[in-house]
Structure formats: structure tokens, C-alpha cells
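A.B. asks: I have a structure here, written as C-alpha cells, and I will follow up with some questions on it.
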Amino acid sequence: MGFGDWLDSRVGHRSAVAGSCQRPLPDGVSWIRALVFALVVLFVFEGLTGFLLSLSYSPSTEAAHASVDYTLNETLFGGYVRSLHFHGSSLVLVLITMIGLCCFYQGAYRGGNEFSWILGIILLNLIFGYTITGFLLPWDQNALWGTKVRTSIMGSTPMVGPMVQNVVQGGDDIGNLTLTRFYTAHFFVLPLVTFGIYVLYRGIKNHLWKKKMGEVSDPNSLPVYWPFQASRDIMVSCIFVGILFGMAYFYPIHLGPKADPLLSYPARPEWFFRWLYQLLKYFEGSAQIIGTLVIPGIIGTILFLIPFADRSGRSGFAGKKTLTTLLLFIALFCTSLTAIAFYHDLETGHFEEVALWEMEADTEFDVDGFYKSECFECHGRKGSGLLDKTPDFSDPDYWSPSRPDVLLIKAILNGVPDEKDELPEDEEMPAYEDQINAAQAKALIDFKLKPFASE
Amino acid sequence: MERRGFVQSISALIGSMLLAVAGLGTVLIQGVASILNGKSQEGDWIPVDHIDRILPGKPTERTISYLTKDGWEEKNDRQKVLILFEESEPVVYSSSCPHLDCPVSLIPDEERFVCKCHMSYFDVQGKVMEGPSPRGLDPLPTKIEDGVLYCRWVRFQSGGSKSVEI
């Protein structure tokens with residue numbers, strides 16, 4: 001008796017594996033099931049990469065940013081793992097939308113399958129939970145201000161809002177306790193609930209499978225899981241995992257500057273929340289609740305009720321024209337709002353500004369030489385300024401945190417316009433964008449101007 | 001048989017009640033604990049700046065610093081405040097946007113304020129010029145004593161057309 005036989009007599013793994021491989025499929029093979037399998041694979045991937053990230057993460061306002069920075073720069077493949085984890089969430093969202101669309105087209109929620117659809121919608125909301133909690137964890141500027149907007153939206157809910165906000169934030173403001181509870185929600189509570197959803201889903205599917213098998217007269221004529229469905233499962237998963245690896249490789253995720261309540265920052269949410277972000281701009285004052293609760297609530301309710309609203313009993317769009325039109329309208333609504341949000345940011349130079357915020361100083365740049373040849377004449381040897389209107393760089397108060405470097409970079413590159421025309425021409429701050437770039441301007445600020453204050 | 005059925009229903013009932021109490025209790029305790037121990041600060045007067053270091057009539061920004069307790073950490077929290085003028089008297093305003101708490105900052109050389117999250121603009125009186133903000137900037141309690149401008153750092157409920165302190 002070999003080891004395998006010995007093990008099998010105690011564990012019974014052979015019949016278990018054979019049972020699931022040769023499980024007959026009363027509905028035949030399907031691509032939707034392959035997409036669902038890929039979704040599970042992506043979730044497992046998120047779990048693995050999240051586990052790796054958690055090994056070098058510390059949820060506190062002092063340490064979070066530094067620990068993520070450490071992960072990116074000093075752990076093996078840390079940056080790649082983080083990009084995989086980040087892009088994975090987008091891909092999960094794309095995949096669940098694809099599954100939803102296919103199910104809608106086929107009417108797959110018929111025949112007692114309504115609850116699978118509802119579990120899918122719950123899962124969609126859980127994914128939003130994952131992204132909202134995960135968004136804060138890097139503790140960069142975007143994370144702080146973006147989360148502030150979200151918790152304030154919670155706080156503006158009538159009646160319970162302020163209490164909810166207080167419990168979610170763990171106090172009046174976002175701080176250490178917000179990080180700890182978002183972290184716990186992100187890597188413990190939400191995965192637990194997700195796993196529960198999966199178990200429920202398998203249970204429902206198994207129940208329906210048994211019911212269907214009872215109606216089949218000749219089970220031997222049915223296709224079996226291996227290799228007919230398994231090949232599709234593996235193929236689709238490989239495609240999505242491949243896309244994920246490619247995205248993480250070609251679009252690595254950067255870490256923004258550390259969260260600082262003193263500095264303003266043009267915060268923006270993830271791409272899939274941009275339509276909600278844009279919606280916020282249209283509803284002023286007490287009408288705000290329409291953009292934050294009413295419209296998303298209506299869309300959510302419609303999605304929930306689809307299996308009960310579709311009475312056509314047929315696959316294809318033709319049998320459910322009203323619902324299809326409604327969904328098309330929602331899709332058009334969200335897409336155009338997203339487009340407006342991005343277009344507006346393009347027009348107002350938002351992306352250039354973010355690039356300036358994240359600019360790193362060019363350490364190669366000869367700051368002393370440049371200062372001597374260009375700045376010295378007006379700003380003086382000690383940076384204290386020789387003219388009436390020149391700022392005093394040697395005054396530590398000048399470098400108050402409410403003066404972000406971005407403003408100075410802009411002043412150096414674009415000059416300071418003398419709008420009131422009070423200065424003679426040779427006393428105006430000229431533009432240097434033809435001579436140096438933003439990274440060099442940042443170097444000038446960091447290595448030449450700021451040290452004046454400590455001399 | 002009847003008795004066994006009765007015992008079963010009773011144990012199921014008690015069991016689920018215990019579970020419900022445990023679950024709700026945890027949530028409540030957690031919620032109350034967070035309110036008691038969460039990030040907060042004392043409502044003391046915080047010095048903003050010497051009055052003679054503030055140019056009269058010119059809106060500006062300052063940083064204030066006060067002791068706060070953030071969970072396990074006692075630290076100096078810093079906030080940006082805006083200084084506006086009411087009939088040449090300086091009034092300190094919160095830099096937290098009344099819309100959704102994003103940071104409001106002075107646009108250099110323009111004498112107006114902007115919140116860059118959702119593009120609300122405020123004039124030098126703190127009134128909304130454009131954008132989704134439901135009300136003007138929120139004034140903080142301000143006083144001048146011995147030539148020093150003081151304020152109290154207060155948070156306001158976001159949204160709503162009236163300033164409501166939290």
C-alpha cells in the first residue's frame with residue numbers, strides 16, 4: 001500500500017477530487033461561470049498581495065506614509081506588489097460589471113437564481129468598501145483629503161450622519177484611530193464578509209444544482225467540469241491575471257506627498273468614483289444630499305431590483321426594453337459625468353499641478369551656480385532680499401507650512417506678474433521656464449533657498 | 001417529543017438573543033468608546049499671531065498649533081486658519097471648507113480663497129462667490145488680548161446653510 005492509498009483511506013481526497021472534476025453540468029459549459037471563476041482568482045490575488053503589503057505596513061499617522069514608502073523602495077518587488085494590489089481593485093470592478101452585464105443579457109437571474117444576483121450587488125458594494133478603506137491607508141495628501149470628503153458626506157446624512165461620522169473616524173477628525181479602523185475593515189472585516197458571501201453563493205449554487213440534477217433523465221449525457229468548463233475557467237483567469245500583471249508593470253503606482261492638514265491639495269477620487277465626484281459640484285447647499293445619497297441610492301435600488309423587474313423570461317435585450325433603456329441611461333449618465341470631470345481637470349491644469357506637488361528635486365542641478373548668476377542680484381547673498389518687494393528667505397516665518405513649494409516653483413518658472421504695475425521693469429520677478437525645469441526649481445528651493453533660513 | 005421540541009425552541013431563542021446582544025453590544029461599546037477616546041482637543045484659546053504682524057485689511061493665512069490627543073498619541077496638532085477683516089478688525093476663519101471639509105486656501109495676489117476639491121471660491125468677506133459650498137467660510141471664536149490675536153479651533157458640520165459647531 002503506497003502513501004497515496006494510505007492517505008486516501010483516511011482523507012478520501014481521491015473521490016473528492018474526482019467528484020468535483022466529473023461533476024456534471026446540467027446547464028452546460030458557460031463563459032459567465034468562467035468570468036466568475038476569474039473574479040474569485042482576482043480576489044485571491046488581492047488577498048495575497050494585500051498580505052504581502054501588510055507585512056511592512058504600520059497604521060498610524062506618524063508611520064503609515066513612511067512604511068508605505070519603505071515598502072515601495074526597500075522591499076523586494078514592493079512597488080510591483082503594491083501596483084498589483086491597486087490595479088487589481090479596478091480589474092475586479094471591471095470584471096464584476098462584465099459579469100453583471102452578461103447575466104442581465106442572458107437573464108441568468110431567472111430560475112431561482114435571483115439571490116446570486118443580489119449577492120453580486122452586495123459584493124459590488126463590498127468592493128466600494130474595500131476601495132474607500134484602502135484609499136486612506138497610504139496616508140498621502142490625496143488619501144487624507146479624499147477620505148475627509150467621504151466621511152463628511154457620511155456626516156451630512158440627516159439625523160444619524162454626525163454620529164456615523166464620529167464612529168467611522170474614531171473621533172471628530174481623521175487621525176490614528178481612523179487609520180486603525182480602516183485598516184482592520186480593509187484586511188479583516190471586509191475579507192471575512194466577502195468569504196461569507198462566497199460560501200452563501202456556493203451554497204445556493206449547490207442547492208440549485210441538486211434540484212436540476214433531479215430533473216435530468218440521463219446524467220451521463222451531460223458535459224463534466226473537467227476539462228470542459230475548467231479549460232474556460234483557466235483561460236479567462238489567465239487573460240485577466242495577464243492584464244493585471246501588464247497594468248502593474250506599465251503603470252506603477254506612486255506614493256504622493258505625506259498627508260499634511262496644513263497644505264491644501266487638489267484631491268481626486270479613483271476613476272470609478274469620478275462621476276460621483278462631479279455630481280457633488282452640481283448640488284449646492286441642502287440639495288447636496290441629492291448628489292450624495294438620492295441619486296446613488298436610486299441607481300443601487302434599480303440594480304437590486306432587476307431580477308424582480310425582469311419578467312420577460314427570455315435571454316437577449318429585446319424582451320426587456322424598458323430595463324435596457326434604463327441601464328443604458330445610467331451608463332451614459334455615469335460616463336458623461338466622468339468625462340466632464342476629467343475634461344475639466346485637463347482644462348484647468350489639474351494634472352500639471354499634481355505633477356508639481358509630487359515633483360522631486362533634481363539633485364544634479366548646480367544650485368549655487370544658478371543662484372549666483374540669476375538670483376543673487378535681487379535676492380542677495382543671504383537670501384534676505386535687496387529690493388522693497390523681494391521676499392526674505394532668511395526669515396524662518398517665510399517658510400511657514402502654509403506656503404507649499406508648488407507656489408514657489410510656479411513663481412520661479414512663470415515669474416511673478418506685476419498686475420498693479422507698481423514696480424519698475426527691472427525689479428519684477430522674471431520667468432525662468434526657458435532655462436530650468438520644475439525639478440531644478442524644486443532643487444533650488446530645497447538646497448539653496450530653504451537653508452538661508454537656518455543660517 | 002413535545003417537550004424536546006419546546007426545549008429546542010427555547011435554547012434557539014436564548015442563543016440568538018445572546019448573539020444579538022453580544023453583536024449589538026460590541027458595536028455600541030465600540031461606538032461610545034470611539035467618541036470618548038477619539039481625536040479631540042480642548043477648547044482653549046490658541047494664539048494666532050501678534051496683531052502688529054498682521055497687515056491691516058490684507059487677508060492672509062496663519063498656522064495655529066495646539067495640544068491634542070489622537071488615540072494613544074498626545075501631540076501638537078497644527079491647522080491652517082484664514083484671517084479676514086471686518087471693518088478693519090481681524091477675524092479668524094476656519095480653513096475647512098463648509099462644503100465637505102477640504103482645505104481652503106488664499107489664491108496669491110488675487111485676494112480670494114479657493115477650495116480645490118470641488119472648486120468653491122470665497123471672497124475677502126468669506127462669502128461664497130461660486131461653487132457648491134452651501135455657506136460662506138466659518139468664523140472661529142476670535143479675541144485680541146495684549147496685542148495678540150487668539151482663536152479657538154472649532155469644527156463645523158459640513159453641508160447646511162448655517163454654521164453648526166460639532
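A.B. asks: Would you check which residues across the stretch A:201-226 are over 12 Å from A:R23 (Cβ atoms) and loosely packed, with under 13 Cβ neighbours inside 10 Å and list them?
C.D. replies: A:R202, A:G203, A:H207, A:K211, A:G214, A:E215, A:V216, A:S217, A:D218, A:N220, A:S221
A.B. asks: Taking the stretch A:1-10 on its own, how many of its residues are part of a loop (DSSP other than H, G, I, E, B) and not aliphatic (A, V, I, L, M)?
C.D. replies: Adding up the residues that qualify gives 1.
A.B. asks: Identify, please: which residue in the stretch A:175-212 is free of Cβ contacts under 8 Å to residues at least 40 places away in the same chain and of a type in the set (S, T, N, Q) and is, among those, nearest to the other protein chains (Cβ to nearest Cβ)?
C.D. replies: Top of the filtered list is A:T184.
A.B. asks: Kindly indicate whether any position in the stretch A:419-432 is facing chain B (nearest Cβ under 10 Å), surrounded by 14 or more Cβ atoms within 10 Å (Cβ to Cβ) and either at pLDDT below 75 or more than 28 Å from B:V104 (Cβ to Cβ) (or both).
C.D. replies: No, the stretch A:419-432 contains no residue that is facing chain B (nearest Cβ under 10 Å), surrounded by 14 or more Cβ atoms within 10 Å (Cβ to Cβ) and either at pLDDT below 75 or more than 28 Å from B:V104 (Cβ to Cβ) (or both).
A.B. asks: Another question, if that's okay. Return the total of residues in the stretch A:56-87 being more than 14 Å from A:N176 (Cα to Cα), outside any helix (DSSP H, G or I) and without any contact (Cβ under 8 Å) to a residue 12 or more places away in the chain.
C.D. replies: Total meeting the criteria: 2.
A.B. asks: Within the stretch A:119-133, does at least one residue satisfy the condition of being in a helix (DSSP H, G or I) and in contact with a His (Cβ under 7 Å, 6 or more places away or on another chain)?
C.D. replies: Yes, the stretch A:119-133 contains a residue that is in a helix (DSSP H, G or I) and in contact with a His (Cβ under 7 Å, 6 or more places away or on another chain).
A.B. asks: Hey, another quick one. Of the conditions (1) within 14 Å of chain B (Cβ to nearest Cβ); (2) in contact with a Cys (Cβ under 7 Å, 6 or more places away or on another chain), A:L387 clears all except one; give me its number.
C.D. replies: Of everything listed in (1) within 14 Å of chain B (Cβ to nearest Cβ); (2) in contact with a Cys (Cβ under 7 Å, 6 or more places away or on another chain), A:L387 misses just condition (1).
A.B. asks: Does A:M154 satisfy the condition of being within 14 Å of chain B (Cβ to nearest Cβ) and without any contact (Cβ under 8 Å) to a residue 12 or more places away in the chain?
C.D. replies: No: the conditions fail for A:M154.
A.B. asks: Show me the strands (runs of 3 or more DSSP E) entirely contained within the stretch B:64-166 in which 1 or more residues are more than 10 Å from every other protein chain (Cβ to nearest Cβ) and modelled with pLDDT of 85 or more.
C.D. replies: Hits in the stretch B:64-166: B:73-86, B:89-94, B:112-115, B:120-122, B:128-130, B:142-145, B:148-151.
A.B. asks: Looking at the structure I just gave you, is A:F342 away from chain B (no Cβ under 14 Å), surrounded by 13 or more Cβ atoms within 10 Å (Cβ to Cβ) and within 23 Å of the chain's Cα centre (by Cα)?
C.D. replies: Yes: the conditions hold for A:F342.
A.B. asks: Follow-up question, since we're still on this one. Which one is surrounded by the fewest Cβ atoms within 10 Å (Cβ to Cβ) among residues in the stretch A:292-302 that are without any contact (Cβ under 8 Å) to a residue 40 or more places away in the chain and more than 19 Å from A:V94 (Cβ to Cβ)?
C.D. replies: A:T301
A.B. asks: How many residues does the stretch A:11-33 hold that are in a helix (DSSP H, G or I), in contact with a Lys or Arg (Cβ under 8 Å, 6 or more places away or on another chain) and under 15 Å from A:P227 (Cβ atoms)?
C.D. replies: Number satisfying all stated conditions: 1.
A.B. asks: Give the residue, chosen from A:L337, A:L328, A:L305, that is at negative phi, surrounded by 12 or more Cβ atoms within 10 Å (Cβ to Cβ), free of Cβ contacts under 8 Å to residues at least 40 places away in the same chain and not aromatic (F, W, Y).
C.D. replies: Just one listed residue meets the conditions, A:L305.
A.B. asks: Does the stretch A:262-282 contain at least one residue that is at pLDDT 90 or above, more than 13 Å from chain B (Cβ to nearest Cβ) and more than 18 Å from the chain's Cα centre (by Cα)?
C.D. replies: No, the stretch A:262-282 has no match at all.
A.B. asks: Of the numbered conditions (1) farther than 24 Å from A:R274 by Cβ; (2) touching a residue at least 12 places away in the same chain (Cβ under 8 Å); (3) surrounded by fewer than 20 Cβ atoms within 10 Å (Cβ to Cβ), A:D172 satisfies every one except a single condition; which is it?
C.D. replies: The one condition A:D172 does not meet is (2).
A.B. asks: Could you tell me whether A:V40 is farther than 30 Å from A:G120 by Cα, modelled with pLDDT of 95 or more and in a helix (DSSP H, G or I)?
C.D. replies: It is false that A:V40 is farther than 30 Å from A:G120 by Cα, modelled with pLDDT of 95 or more and in a helix (DSSP H, G or I).
The values are calculated or read from the model by the stated rules, or taken from the named source; none is laboratory data. Being a predicted model, the structure only gives us computed values, none of them experimental. A quick note on method: Cβ atoms are made from the backbone with ideal geometry, for glycine too, and the neighbour counts reach across all protein chains shown.
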